[in-house]
Amino acid sequence: MRRMKRIVVGVTGASGTLYAKRLIEAITKTNYVEMYLIISDTAKTVARLEEVELSGYPVHYEENCDFTAGIASGSFLFDAMVVVPCSMKSLAAIANGHSTTLIARAADVALKERRKLILVLRETPYSRVHLVNMLAAHDAGATIMPASPPLYTHPQTINDLADTIVSRVLDHCGISHAIGSRWKE
């Protein structure tokens, strides 16, 4: 019997917690994905400032300081990890193997075990340091996916904008969905 798909979602302290909320909502609507959610302390602060609620979902909540969590081990099977939004601090930690948080450690596990790791960056402009870290993460196996929603979909709401990025994340994780529209479909 095949196990449910397991996805780890890390939410870090960059602006754009709406992307995380929309992704969490989309994944929890499926009946074949088990989600492990880690929210950094800074992400909790940003979510409050952005008036985005990230709790109360039927997921496994993990503390960012708990290195005894299953997802901290390569022997714990998960299919993909998404860091959304991914702060430049978290990008630097992930790109350089500096695993001082559970989010960075789970990302390190994804890279070392050759599992899908998607980093949804939310920063502008990028410095040379950011670009070097993006390249290092990419070269290690991560997918770099800046939160740059397209406008050709004619979004009507901020949720529509967020959903264009969430739909790409879901596609890359192999999760079926009906979010947003596709070009020429």
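I need the shape label for region 1-47. Rule: rounded when a/c is under 1.5, else prolate if a/b > b/c, else oblate, with a, b, c from the alpha carbon gyration tensor.
Judged from the Cα gyration tensor, region 1-47 comes out prolate (a/c at least 1.5, a/b above b/c).
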Exercise. Using θ = phi - 60° and the Karplus form 6.51 cos²θ - 1.76 cosθ + 1.60, what ³J(HN,Hα) does each residue of region 71-82 get, whole Hz, x for Gly and Pro?
Worked result: 5, 7, 10, x, 6, 8, 7, 9, 8, 7, 10, 10
For this session: Mind ranking 94-106, 23-35, 126-138 by how tightly packed they are, going by the mean number of other C-beta atoms within 10 angstrom, highest first?
Result: 94-106, 23-35, 126-138
For this session: Starting from the Cα gyration tensor of the chain, take the square roots of the eigenvalues, sort them a ≥ b ≥ c, and report rounded, prolate or oblate (rounded when a/c is under 1.5, otherwise prolate if a/b is larger than b/c, else oblate).
Result: rounded
Seminar exercise, completed: In the neighbourhood of residue 60 defined by beta carbon distances under 15 Å, the net charge of the other residues (Lys, Arg +1; Asp, Glu -1) is -2
Problem set entry | Long-range amide H partners of residue 34 with built H, under 5 Å | 5, 6, 7
For this session: List the residues whose amide H sits under 5 Å from the amide H of residue 64, counting only those 5 or more places along or on another chain, with H placed 1.01 Å from N in the peptide plane.
Result: 39
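As a check on your grasp of the helix formula, calculate [θ] at 222 nm for the chain: sum -39500 (n - 2.57) over DSSP H runs of n ≥ 4, divide by the residue count, round to the nearest 500.
Theoretical 222 nm ellipticity from helices: -11500 deg cm²/dmol.
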Exercise. Applying the Karplus parametrisation 6.51 cos²θ - 1.76 cosθ + 1.60 with θ = phi - 60° to the phi angles of region 34-46, what ³J(HN,Hα) value in whole Hz is obtained for each residue in order, glycine and proline being reported as x?
Worked result: 9, 10, 10, 10, 10, 10, 5, 4, 5, 4, 4, 5, 4
Problem set entry | Segment residue 127-residue 182, length gained on full extension (0.36 nm per residue, minus Cα span) | 16.6 nm
Problem set entry | Under 15 Å, Cα to Cα: Lys pairs in region 5-173, sequence gap 8 or more or different chains | 4
For this session: Can you tell me how much longer the chain between residue 66 and residue 49 gets when fully stretched, taken as 0.36 nm per residue apart minus their C-alpha distance, in nm with one decimal?
Result: 3.6 nm
Problem set entry | ³J(HN,Hα) computed for each position of region 157-162 - Karplus, 6.51 cos²θ - 1.76 cosθ + 1.60, integer Hz, glycine/proline x | 9, 5, 4, 4, 4, 4
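No lab work stands behind these numbers, since they all come straight from the coordinates. All values reported here derive from a predicted model rather than from experimental measurement. Neighbour counts run over all protein chains shown; Cβ positions are idealised from the backbone, glycine included.
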